[in-house]
Protein chains: 2
Amino acid sequence: MATLQDIGVAAGINIIYAFACFIIFALIRLQPFNDRVYFPKWYLKGLRSSPAGSGALTKFVNLDIWSYITFLNWMPDALRMPEPALIEHAGLDSAIYLRIYLLGLKIFVPIALFAFAILVPVNWTNNTLEQSKLTFSDIDKISISNIPEGSPRFWTHIVMAYAFTFWTCYSLHKEYELVATMRLHFLATEERRPDQFTVLVRNVPPDPDESVSELVEHFFLVNHPDSYLTHQVVFNGNKLSALVKKKEKAQNWLDYNQLRYSRNQSKRPTTKTGFLGLWGDRLDSIDYYTSEVDKLSKEIEAEKQKMTKNPKYIMPAAFVSFKSRRAAAVCAQTQQTRNPTLWLSEWAPEPRDVYWNNLAIPFVSLTIRRLIIGVAFFFLTFFFMIPIAIVQSLANIEGIEKAVPFLKPLIEKPAVKSLIQGFLPGIALKIFLIVLPTILMFMSKFEGFYSLSSLEKRCASRYYIFKFVNLFLGSIIAGTAFQQLDTFIHKSANQIPETIGVSIPMKATFFITYIMVDGWAGVAGEILRLKPLIMYHLKNFFLVKTEKDREEAMDPGSIGFDTGEPQIQFYFLLGLVYAVITPFLLPFIIVFFALAYVVFRHQIINVYNQEYESAASFWPDVHGRIIVALIVSQLLLMGLLSTKKAAQSTPLLIALPVLTICFKKFCKNRFEPAFKKFPLQEAMMKDTLERIREPNLILKGYLENAYTHPVFKDEEEEDESYIVDEEWKPENLVPTKRHSRRSTPLTSNYSSLGLSSRSLLEVTD
Amino acid sequence: MATLQDIGVAAGINIIYAFACFIIFALIRLQPFNDRVYFPKWYLKGLRSSPAGSGALTKFVNLDIWSYITFLNWMPDALRMPEPALIEHAGLDSAIYLRIYLLGLKIFVPIALFAFAILVPVNWTNNTLEQSKLTFSDIDKISISNIPEGSPRFWTHIVMAYAFTFWTCYSLHKEYELVATMRLHFLATEERRPDQFTVLVRNVPPDPDESVSELVEHFFLVNHPDSYLTHQVVFNGNKLSALVKKKEKAQNWLDYNQLRYSRNQSKRPTTKTGFLGLWGDRLDSIDYYTSEVDKLSKEIEAEKQKMTKNPKYIMPAAFVSFKSRRAAAVCAQTQQTRNPTLWLSEWAPEPRDVYWNNLAIPFVSLTIRRLIIGVAFFFLTFFFMIPIAIVQSLANIEGIEKAVPFLKPLIEKPAVKSLIQGFLPGIALKIFLIVLPTILMFMSKFEGFYSLSSLEKRCASRYYIFKFVNLFLGSIIAGTAFQQLDTFIHKSANQIPETIGVSIPMKATFFITYIMVDGWAGVAGEILRLKPLIMYHLKNFFLVKTEKDREEAMDPGSIGFDTGEPQIQFYFLLGLVYAVITPFLLPFIIVFFALAYVVFRHQIINVYNQEYESAASFWPDVHGRIIVALIVSQLLLMGLLSTKKAAQSTPLLIALPVLTICFKKFCKNRFEPAFKKFPLQEAMMKDTLERIREPNLILKGYLENAYTHPVFKDEEEEDESYIVDEEWKPENLVPTKRHSRRSTPLTSNYSSLGLSSRSLLEVTD
């Protein structure tokens, strides 16, 4: 067990690392040539087109010394922007995401104060550990381990468990209420958006006499006669998007070769046509890629022609738009026909949020896909160690020598050999953990969700489960998840919390170190944005010809809800579990929340560019997971106390999870509908207001092409994006302050931006 | 363990008992003076007004010998009515209820055939039991107990478990599909009903400036401007109904005394005013009750005045009616305002189905009530033995002697004493079991459901849980439910199915006897209707003066979903659990299902009068509980086989519950919406059809008073029931064959019929 001093050293190292990150960040972010890496949000919003304050500085290097001295100034800057402005600047999703960190502070600061004021003295003034002759550290002395068995002092812990539960629920309730209000306010005040009028209708039944489009029109003209406006059928554009992607890639290679040639005109670049450019005929690169691009352009054109003519490309789904928000709200919330699996209507995600590939999945296969992924995720969580162990056993020195014999002399050198031997066993696991979010995202995509927000939500919940099983339980009970599973099946319901509960206090130091390495250092590293920094400069050097190219080379990224939120949740879990048992852990969590809050606030203001806006639809998930963490902490405390012979505690503590579950149910009834349904009253109010403000609005023109597949849209935008835009937003009629839609275009994953950066990754990898 | 012979004897006794019941039934049902007890349904429908075939018979005794010889003729008669006619005659609820028995036959007849063809020979051709030197019976020889440990023969059982699961799921799926279609067809073809146009709106927020009625009107005029028609606010009529009930009781006593006086005019009857008529002043009964009735009439009048004037009597709830079914469907399925706990809209139950008392419960208290009842039901299920044990320990001979010393000489007689001593310990439990459904109904009422159908559904599910824990588990594992709970908490997840699984084969004979006593004999007893028979004749003798009184004295009863359905479910559970383990039990269950089907079909055709029509809304519950029984059977088989050292079975069997759960999810998605929502297309079709058929229909007049509190309605009906009725149903415009509404009046629990019979119960008890 680590002593207080060990932890002090670890804390020191991590603090120094974090400060180093901040200093490096201060140094490189102030250099004008990095400006687009550290302030892309402002470029995208059109509020910045060249490095700020360029007067006293040269073009590439910042020589203003004062700006180096005040290198931590970004922190107060990040905190200065008030929340309403932040919502306007970065959207509600980002603002609410930050509130999760704030919620962590709100919950844990009072809990930590109470715990240190009451629990620490109660624990400290015993000498159980001293009498026990076990090795122990100061941390154990102020933890629950120092209380003798059956001591009446456990009453303090029970009372504190109640107090902490009450406080957590109170904070959660207040926060849920606030977030729901903010969401409704946001929805009520936001400008006109196509998804407010549109419903996604899936599983249109086949009809031998009518096309899908005719069928949809007739159905809605009959069943929503007064309110139906227009509809757009969904095309299966997967092949087309693949072609577009391929073309983008060829285009990138062409750009790269042209740039190379323009820099060194003595020799025209050549390329091999075979696999990875390793063999095949050697051709002139520029000619080759020009012809490739031309060929693909023609193919794309042909495919587009086919799509519009061949009914096979039309999916049995459509985006149906209504004349009013109320009518759309009605259609989205009601069942259309007898058969509840036909004519399924639900709110359309906003156009940017649509994940187009999955709209082409036939509805019948969804149940099977869900089952397959459910089973696959179960095996992934509990048996992921098996393939990794196999890889580890294969990937030894001998294996490598066999596979690539020409490396043998190099590997045989003692220094290299020991490095590989020390490094190899862990590498498979490390690689797995790095690609895990990608695997989870692939699983969610396979499952058939058709909006990016729901994909990310599902990933987040799966990632959290994985972390809970393999990191939390896996650290507390040694052994793989499968062994745990086996143990749990063979243990009784009351033994499981006991087994875990007993190990909890012993693992406090491990988790403290984990918080510092993963939390503190990770957050500090986040601000450096090393990967985008490198990528941007590579692109800038190899591909960028025009200012537009440079804009596309920026990779602002986004919050990354699918990986970020489970991390926060894990700290909530640790905090709640250790609040009563080892309160010494709490300050470390508080530091994490505070630091992360500042860093992410800075990033959201200056860097991240959200792909979509779901108006905080993730909050019920966040809330639910904190509640689950709370219940886990209560059960573990119960298990721990029952081994401490504090028998009177069980009946008292069993009320806690029951009450917590009731609280969850209450919150679900009270607040969740705000995230799932759209009240008619609100819709009616907005409709009425709009009718008064803009009596001559022609909604049909606005909605007609709102849900065009992005492969069609890209071209349109190139041709007449601004005209379309002007037409769509009569901003002179409804003056609003938000202009972000223009700068963050209505494109999805397949937008030219997303595509070029992705294909570039493949080029440079 | 009982041998085959023992079971044969028990079966013989029960068969004789059943036949005796049928013969007695044949004898007494043919007597004209019992006609109203055994054919009340026909009287209520107005299709019978005097005993049938009265030509050759005297008025009281049937002398036609042929009718005695063909005493079992009611069975084919009951089966003869085709299902559509049955639906028309008795409603969809009753017809679907019968289908549960049919479903039992459909599932278990093929399973039994297969089991006897395959499993019995496989089990029989071993001699494990003979070698084991244990006492065993022939039943054990054909059960799974006769297979040696680790035998490859267990493969047969595993394959059969798959086959039975597949067959059960197939039957369930077919049945669910059919029931859903029947429900939708029923809803589509049924005549105009107020609940099709009406939505119940609860938790109308208070407003200082407007009354609830004004508030509702304004809200719906604004938010459903084109479709809002009218509304009726809900009054708190609980005090008034109590008064009406009291008046009915006094009226009954008055009738009774007047009748007594008219028969024996020599002496005017007198009564004492005190508690139970045991003390107090002795008064002239007729005068006393006349004045009582007058006084109560005045009080009722005053209360009615108060209700209409005092806003405190108006609950924040209203029945809101719309101009079309579509509009009502829209309102019922959508959220009205931001705050999801205000302006809650849901389908109104049909007027007969409303449980008025609970409409007066403030919405805020519902969550708390639900929590209280949840905890109470938990304690009721697991700890009900404690109070009974206390009563048992008190209710001994000495206790009785102390309480009522004057009985001492009687009790001290040896015969009486031994009778009491043998009888007393069981009596508290018996009484508890008899009143259990009443306790459960009280719990559901306290919980705040406001329709009789949902009350019965909730009772049924609770009663089933109680039976499952205390009868099924309680019989298999000896000991009280609390001891079981304690065992389960201290056992591991894999041990629980093992513990139960091992005991299962041993308990087969017990359950066979149970099926015969509770199932066979119980169903045969049901047809005799002993209690209504006695009650009717008592009423007929003491109260009936006019033909109308006689009509009110009939107590047709209803199916009793809350107690009947859990019984069927229990047999499903037994059948599915024992199908693989002891197939010998199956024929007994099949006999039960067949017998019950015939008996209940007869009762539904001739006797029962459903209080409400919910269009089979209970089916998802029925389906769900059969699925749960299936999963329980799979888990127990898994537990049993794992103790039989058939280790290879566990991974194979674990797939079964997973697949079954998937099947349940699939069914939920596919069929359940048909029971919860009302598709817009259907509503639109009915609306359009109606508009064409009856262009001049004035819907407002039809709906205006549809949801008047029954205490107001009773009077109206007395005064002008037929006029109102004619006005409501322009039957000359839509000719339908169903006339049942007139004869089964639109009254709820508080109808004069219900009241008088209930108050009479109190009089005669």
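Laid out as a table, the results:
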quantity: Total formal charge among the other residues, if their Cβ is under 11 angstrom from that of B:Q603, Lys/Arg +1 and Asp/Glu -1; calculated: +2
quantity: Extension reserve of the B:N696-B:V658 stretch, reckoned as 0.36 nm per residue once the Cα distance is removed; calculated: 8.1 nm
quantity: Chymotrypsin sites (Phe, Trp or Tyr not before Pro) restricted to region A:223-332 and DSSP loop, no more than 15 other C-beta within 10 Å; calculated: A:W279
quantity: Relative exposure of B:D287, B:D353, A:D209, judged by other C-beta atoms within 10 Å (fewest first); calculated: A:D209, B:D287, B:D353
quantity: Nearest-first distances (nm) between copies at A:E299, label 7 Å from Cα via Cβ; calculated: 9.1
quantity: Label spacing, shortest first and in nm, from B:F116 to its equivalents in the remaining copies (7 angstrom along Cα→Cβ); calculated: 7.9
quantity: 7 Å along Cα→Cβ, label-point gaps from A:F383 to other copies, nm, shortest first; calculated: 4.5
quantity: Loop-located trypsin sites (Lys or Arg not before Pro) in region B:586-677 whose Cβ has at most 14 other Cβ within 10 Å (DSSP); calculated: B:K645
quantity: Region A:515-565 and region B:201-232: distance between their alpha carbon centers, rounded to Å; calculated: 55 Å
quantity: Region B:194-349, relative contact order [Cα under 8 Å, separation at least 6], %; calculated: 46 percent
quantity: Cross-link reach list, lysines versus A:K323, counting only Cα pairs under 24 Å and skipping chain neighbours closer than eight places; calculated: A:K676, A:K677, A:K686, A:K700, A:K713, A:K729, B:K323
quantity: Net charge of Cβ neighbours under 11 Å - reference B:Y450; Lys, Arg +1; Asp, Glu -1; calculated: -1
quantity: Loop sites in region A:260-361: trypsin sites (Lys or Arg not before Pro), DSSP, at most 10 other Cβ within 10 Å; calculated: A:K267
quantity: Pairs from A:K467/A:K531; A:K41/A:K306; A:K249/A:K306 whose Cα-Cα separation, in the structure shown, is over 31 Å; calculated: A:K41/A:K306
quantity: 23 Å Cα-Cα reach of B:K408 towards lysines, excluding residues that sit fewer than 8 places from it in its own chain; calculated: B:K417
quantity: Gyration tensor (alpha-carbon) shape descriptor, region B:168-278, a/c threshold 1.5; calculated: oblate
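Throughout, read-outs are computed from the coordinates displayed, never taken from laboratory work. Model, not experiment: these values are computed from the prediction. Neighbour counts run over all protein chains shown; Cβ positions are idealised from the backbone, glycine included.
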